[in-house]
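The values are calculated or read from the model by the stated rules, or taken from the named source; none is laboratory data. For clarity, every value in this text was computed on a predicted model and none was experimentally measured. Backbone-built Cβ (ideal geometry, glycine too); neighbour counts: all protein chains shown. Calculation scope for accessible area: heavy atoms of the full protein, side chains included, ligands and nucleic acids excluded. Shrake-Rupley method; radii C 1.70, N 1.55, O 1.52, S 1.80 Å.
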Amino acid sequence: MATDVLAAWRGAVKRYGAITALDGLDLEIHAGELVALLGVNGAGKTTALGLITGELAPDAGRVELFGGDPALPARRARLGVMLQEAELPETLKVGELVHLQTRYFDAPMAIDRTLALAGLESLGDRRYEQLSGGQKRRVQFALALAGDPALMLIDEPTTGLDVGARRQFWQVIRDLKARGVSIVLTTHYLEEADALADRIVVIGRGRVIAEGTPREIKSRASGRRISARSVLPLDRVRGFAHVAQASAIDGRIHLTSARVEDVLREWLAADDELADLTVEALSLEDAFVELTREPAP
Ligand code: ATP
């Protein structure tokens, strides 16, 4: 095994009764990387993290944390985990919560440093119940940091946060990565993956269906996005030659195509009133939709 592999799923299978949540997942996380796991609801992202934390055991295949079995407590001590939901004692102060958490570790991070890295310097004396949603997520992040981890697993860190709080959180994650900590995060915000990740791994039905830098993933969806106001019904436009996907949002029709000029000729010929036309490069979202689209029955 390469020495810089911090975590690995090797043909990992996990079943819940009749449901196969992971179906032979193969993935390695390397030192210094920030990897974003993307996938539609139920794709297997949380289950994949649960195998690395040792909370779940694979039904087949292997899972490695720092080169061995994740069940070993000494290995888990170097892992920081922030899950989707956390119940914390509401009346304790932020500094007290972090202090309590450091007691689980032999070599914890200094409390001041933990608070600073999580952007909580000015909130150490505030009770948890008095915090905003974004501040609470940063406290949960601080608790995951308290053991001075080499690898962090973060499940949907910014779900439900407003744009400002999300961006503050991104900065916290970037600062941590700059310190050399490796991070695996799951997200449904493709902009988040685009902004933070060195590598994006798209999971579908419990397997890796695509991986690469954000730029590489975007290039997997070939073509461009065209958008315009049209008097034509969506189904008519969807039926034009060379249209990959089409949708109607807020009175505009959006479509993607690898043959933009052909589509435009057909559309302009069919609709004299076509207006507000734009043609743009495909976004990560377009690529994601294309990669995770279920084949027609
Ligand atoms: P989301 O984006 O919605 O959080 P996910 O990609 O994290 O989804 P998982 O939570 O890993 O997906 O779930 C994968 C599959 O396993 C889903 O079909 C889910 O319903 C199922 N599953 C997960 N946990 C359990 C459980 N404890 N018991 C039964 N089925 C489960």
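Would the range 145-163 turn up any residue that is part of a helix (DSSP H, G or I), in contact with a Leu (Cβ under 9 Å, 6 or more places away or on another chain) and either away from the ligand (no atom under 16 Å from the Cβ) or farther than 24 Å from H30 by Cβ (or both)?
yes
Determine if the range 198-209 includes at least one residue that is more than 16 Å from the ligand (Cβ to nearest atom), under 20 Å from K45 (Cα atoms) and open to solvent by 20 Å² or more (accessible area, probe 1.4 Å). So far as the range 198-209 goes, yes, one or more of its residues are more than 16 Å from the ligand (Cβ to nearest atom), under 20 Å from K45 (Cα atoms) and open to solvent by 20 Å² or more (accessible area, probe 1.4 Å). May I ask you to verify whether L190 is hydrophobic (A, V, I, L, M, F, W, C), within 14 Å of the chain's Cα centre (by Cα), modelled with pLDDT under 90 and within 16 Å of the ligand (Cβ to nearest atom)? Judged against the criteria, L190 is a match.
Checking R15, R10 one by one, the residue that is part of a strand (DSSP E or B), more than 16 Å from the ligand (Cβ to nearest atom), surrounded by fewer than 18 Cβ atoms within 10 Å (Cβ to Cβ) and of a type in the set (K, R) is R10 and no other.
For D26, the stated conditions do not hold, so it cannot be described as within 13 Å of the ligand (Cβ to nearest atom), open to solvent by 10 Å² or more (accessible area, probe 1.4 Å) and either in contact with a Ser or Thr (Cβ under 7 Å, 6 or more places away or on another chain) or modelled with pLDDT of 95 or more (or both). With the structure loaded, tell me whether A36 is of a type outside the set (K, R), on the phi < 0 side of the Ramachandran plot, more than 12 Å from the ligand (Cβ to nearest atom) and at pLDDT 95 or above or whether it fails that test. Answer is yes for this residue. Residues considered: A193, A178. Of these, the only one that is among the small types (G, A, S) and within 21 Å of G50 (Cα to Cα) is A193. Number of residues in the range 100-116 that are in a helix (DSSP H, G or I), more than 22 Å from R75 (Cβ to Cβ) and out of contact with any helix residue (DSSP H, G or I) (no Cβ under 6 Å at 6 or more places or on another chain): the value is 4.
May I ask you to say which residue of A221, A248, A281, A269 is open to solvent by 50 Å² or more (accessible area, probe 1.4 Å) and touching a helix residue (DSSP H, G or I) at 6+ places or on another chain (Cβ under 6 Å)? From the options A221, A248, A281, A269, the qualifying one is A248. Every condition in (1) part of a helix (DSSP H, G or I); (2) open to solvent by less than 20 Å² (accessible area, probe 1.4 Å) is met by E96 except one, and the failing one is (2).
With respect to the stated conditions, A86 is in contact with a helix residue (DSSP H, G or I) (Cβ under 6 Å, 6 or more places away or on another chain), at negative phi and at pLDDT below 90. Scanning the range 44-80 for residues that are within 16 Å of the ligand (Cβ to nearest atom), crowded, with 21+ Cβ neighbours inside 10 Å and assigned to a strand (DSSP E or B) yields a single hit, V63.
Here is the figure for the range 212-247: residues that are free of Cβ contacts under 8 Å to residues at least 24 places away in the same chain and not hydroxyl-bearing (S, T, Y) total 11.
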